[in-house]
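The values are calculated or read from the model by the stated rules, or taken from the named source; none is laboratory data. As the structure is a computational prediction, the values presented were derived from the model and not from experiment. Using ideal geometry, Cβ is built from the backbone for each residue, glycine included, and neighbour counts are taken over all protein chains shown. Ligands, DNA and RNA are stripped out before the accessible areas are found, and what is left, the full protein with its side chains, is counted by its heavy atoms. Shrake-Rupley method; radii C 1.70, N 1.55, O 1.52, S 1.80 Å.
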Amino acid sequence: MNVITQEKHPKAIIVIFGATGDLAKRKLFPSIYRLVENNKISQEFAVVGVGRRPWSNDEFRNNVSDSIQTAMKESKELDDFTSHFYYHPFDVTNPTSYLELNNLLNNLDGTYETEGNRVFFLAMAPEFFGTIAQNLKKQGLTATNGWSRIVIEKPFGHDLPSAQKLNQEIREAFNEDQIYRIDHYLGKEMVQNIEVIRFSNALFEPLWNNRYISNIQITSSETLGVEDRGRYYENSGALRDMVQNHMLQMVALLAMEPPIKLNTNEIRSEKVKVLRALRAVSEDEVKDYFIRGQYSNGELDGKQLIAYRDENNVDDDSQTETYVAGKLLIDNFRWAGVPFYIRTGKRMAAKSTKIVVQFKDIPMNLYYKKGETVPPNLLIINIQPDEGITLHLNVKKDGGNSKPVKLDLSNNFFDGINTPEAYEKLLYDCMRGDATNFTHWDEVALSWSFVDPISEAWKKGKAELTTYPSGSMGPKEADELLKDDDNEWLPVN
Ligand SMILES: NC(=O)C1=CN([C@@H]2O[C@H](COP(=O)(O)OP(=O)(O)OC[C@H]3O[C@@H](n4cnc5c(N)ncnc54)[C@H](OP(=O)(O)O)[C@@H]3O)[C@@H](O)[C@H]2O)C=CC1
Ligand SMILES: O=C1O[C@H](COP(=O)(O)O)[C@@H](O)[C@H](O)[C@H]1O
């Protein structure tokens, strides 16, 4: 059972494994800064960074300072803040070094009165997750008077068997309620808003089913290419990188039943039921339900872009997909017959994550001429870069009969554009013991079970790998997927 602390300003030592890396610099340090600045966590905090580089505390603090200046786009005196940061270099595969780390943590515990509370944030490659978890336990770092929690970055495995193995290794050292598996989409303001939009509006919930909804489309497109992550991405592809986690989590939130209570166990259990109800796609059916693509060269905003195969650390003949579109069916009473279309890709025309809920047509067309169709009502949940909701309605306007209009509740309607960063929220939740927006093992396992036959079919060449020009919205084959159902992708930019 997770106990959410009532303490307003939780206190703990945060140990970041991989503190010299990209994630720590771009996301974690600025998030900790904002938590302290906004008085969310106790001013009595300490952060210990672990990496192999032989940095001193001062070098580490300068790196933290740089990261915050870059993220906040301002230069502020940060010495006071960075004085809470300590660096402890060691190779995480060396068990004896954990004893020295423990001594440091015990000392800092005394200095900052953090009551033995520890967050171990694993911002490192997944092959180290099991070793670190086990050493933390064996060398006594979790045996304190306070609480110990472990935060695991993605990817959580490569397929179901590897995820099971990893889970077992972590579970030998930590209980499920101490494990916080990060899916940073669950920390996004508008992803968290899906539940609120659904369950606090009499307008939507009665319509949220196969009687009134025609289809749901989830798009998460990126303009960035694979950047310097070719080595990782070659073994991952868009299916494992985005679909297995972020996309399926959004499907689960959109499709789940109202939980009995808004607590961790009830919400997770409803999401699990959705993942269990996902219609499995057999290897031979994959080509009918999923399209995979890879970006070729192209142009975006006047800039020439190279093909995926020409990126660093990418095979000249790579078969890795940088784009996936799919049609998912949920076999339960609420959703039978309603396709959930998903698409995600790199080097697309726009950076945009949006959910479009398309309602069914009204029974009779009174206002449009014969041959004209009434534009469908749409509820659009804008996740990023704009945050908000847009409702497409038809009203009488400009003296005409009926015209489509948009009811737009965007950023400035909500409380400011500066909604907290996903990592900021998730770190705070973890320190309060709230695991609701982290993925339970059952969700991870079910997601891999769904995704594995797809990657297996692709590995066996059972479906074509198409290409799409960089700067486009993906391969044309993805349009066919919807056309077969008389649907089409609705624009996201
Ligand atoms: N970067 C991102 O935006 C995202 C990253 N992730 C995940 O976060 C994790 C970290 O990613 P990222 O920060 O990009 O990776 P980096 O390669 O930038 O950083 C890796 C870190 O691991 C440390 N490290 C590697 N081997 C050892 C070792 N044997 N002992 C001690 N430290 C070691 C490195 O320290 P040193 O070099 O000093 O040894 C470095 O701090 C990965 O699981 C990734 O998938 C997830 C989502 C987004
Ligand atoms: O987890 C990941 O997400 C990012 C996209 O995240 P967003 O918050 O910018 O939408 C993606 O670029 C990366 O490949 C993937 O690992």
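Which of the residues belonging to region 38-51 are open to solvent by 50 Å² or more (accessible area, probe 1.4 Å) and within 28 Å of the chain's Cα centre (by Cα)?
First, pick out the residues of region 38-51 that are open to solvent by 50 Å² or more (accessible area, probe 1.4 Å): 38-40, 43-44.
Listed by number, the residues that qualify are ASN38, ASN39, LYS40.
Restricting the search to region 462-493, which residues are without any contact (Cβ under 8 Å) to a residue 12 or more places away in the chain, over 23 Å from the mean Cα position of the chain (by Cα) and part of a loop (DSSP other than H, G, I, E, B)?
LYS476, ASP484, ASP486, GLU488 - these are the residues of region 462-493 that are without any contact (Cβ under 8 Å) to a residue 12 or more places away in the chain, over 23 Å from the mean Cα position of the chain (by Cα) and part of a loop (DSSP other than H, G, I, E, B).
Give region 206-222 a look and list any residue that's more than 10 Å from ligand 2 (Cβ to nearest atom) and either open to solvent by 40 Å² or more (accessible area, probe 1.4 Å) or assigned to a loop (DSSP other than H, G, I, E, B) (or both), or say none. It would help to see each step written out before you state the result.
Residues of region 206-222 that are more than 10 Å from ligand 2 (Cβ to nearest atom), as a first pass: 206-219.
Passing the criteria: PRO206, LEU207, TRP208, ASN209, ASN210, ARG211, TYR212.
Of the conditions (1) within 23 Å of the chain's Cα centre (by Cα); (2) in contact (Cβ under 8 Å) with a residue 24 or more places away in the chain; (3) open to solvent by 40 Å² or more (accessible area, probe 1.4 Å), CYS430 clears all except one; give me its number.
(3)
Where in region 18-121 are the helices (runs of 4 or more DSSP H), entirely inside, with at least 1 residues that are within 16 Å of ligand 1 (Cβ to nearest atom)?
On the way: elements: 29-37, 57-72, 79-82, 97-112.
Filter on region 18-121 gives 29-37, 57-72, 97-112.
Condition check ((1) open to solvent by less than 40 Å² (accessible area, probe 1.4 Å); (2) within 12 Å of ligand 1 (Cβ to nearest atom)) across all residues:
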position: GLN134; (1), (2): no, no
position: ASN145; (1), (2): no, no
position: LYS154; (1), (2): no, yes
position: GLN164; (1), (2): no, no
position: GLU169; (1), (2): no, no
position: ASP183; (1), (2): yes, yes
position: GLU189; (1), (2): no, no
position: ASN193; (1), (2): yes, no
position: SER236; (1), (2): yes, yes
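May I ask you to list the residues in region 212-229 that are of a type outside the set (A, V, I, L, M), within 13 Å of ligand 1 (Cβ to nearest atom) and at pLDDT 95 or above?
At the first step, the residues of region 212-229 found to be of a type outside the set (A, V, I, L, M) are 212, 214-215, 217, 219-223, 225, 227-229.
Now restrict to residues that are within 13 Å of ligand 1 (Cβ to nearest atom): 222, 227-229.
GLU222, the sole residue that qualifies.
From PHE438, PHE450, which residue is in contact with a strand residue (DSSP E or B) (Cβ under 6 Å, 6 or more places away or on another chain), open to solvent by less than 20 Å² (accessible area, probe 1.4 Å) and under 21 Å from PHE121 (Cα atoms)?
On the way: PHE450 fails: under 21 Å from PHE121 (Cα atoms).
Matching residue, one of PHE438, PHE450: PHE438.
Of the residues in region 169-197, how many are in a strand (DSSP E or B), β-branched (Val, Ile, Thr) and within 16 Å of ligand 2 (Cβ to nearest atom)?
0
Could you please tell me which pairs satisfy a Cβ distance under 7 Å, a separation of 6+ or placement on different chains, a first residue in region 93-104 that is hydroxyl-bearing (Ser, Thr, Tyr), and a second residue that is away from ligand 2 (no atom under 16 Å from the Cβ) and open to solvent by less than 60 Å² (accessible area, probe 1.4 Å)?
Going by the 7 Å Cβ cut-off, the qualifying pairs are THR93/THR131; SER97/PHE90; TYR98/ASN135; TYR98/LEU136; TYR98/GLN139; TYR98/LEU141.
Please specify each residue of region 154-210 satisfying the condition of being in the same structural domain as PRO259 (by the TED database) and free of Cβ contacts under 8 Å to residues at least 24 places away in the same chain.
Once the filter is applied, which keeps residues that are in the same structural domain as PRO259 (by the TED database) and free of Cβ contacts under 8 Å to residues at least 24 places away in the same chain, region 154-210 yields VAL196, SER200, ASN201, ALA202, LEU203, PRO206.
Which one is modelled with the lowest pLDDT, of the residues in region 383-400 that are outside any strand (DSSP E or B) and open to solvent by less than 60 Å² (accessible area, probe 1.4 Å)?
Residues of region 383-400 outside any strand (DSSP E or B): 385-387, 396-400.
Among the residues that remain, those that are also open to solvent by less than 60 Å² (accessible area, probe 1.4 Å) are: 387, 400.
Details: GLU387: 94, GLY400: 72.
Taking the candidates together, the pick is GLY400.
Do we have any residue at all in region 389-407 that's under 25 Å from VAL251 (Cβ atoms) and within 16 Å of ligand 2 (Cβ to nearest atom)?
So far as region 389-407 goes, no, none of its residues is under 25 Å from VAL251 (Cβ atoms) and within 16 Å of ligand 2 (Cβ to nearest atom).
So which pairs qualify, if the first residue must be in region 241-262 and assigned by the TED database to the domain that holds THR353 and within 19 Å of PRO206 (Cα to Cα), the second must be open to solvent by 10 Å² or more (accessible area, probe 1.4 Å) and among the acidic types (Asp, Glu), the Cβ gap must be under 6 Å, and the two must be at least 6 apart or on different chains?
MET256/GLU270; GLU257/GLU270; PRO259/GLU266; PRO259/GLU270; ILE260/GLU266
For residues in region 67-97 being in contact with a Phe, Trp or Tyr (Cβ under 6 Å, 6 or more places away or on another chain) and of a type in the set (A, V, I, L, M), which is modelled with the lowest pLDDT?
ILE68
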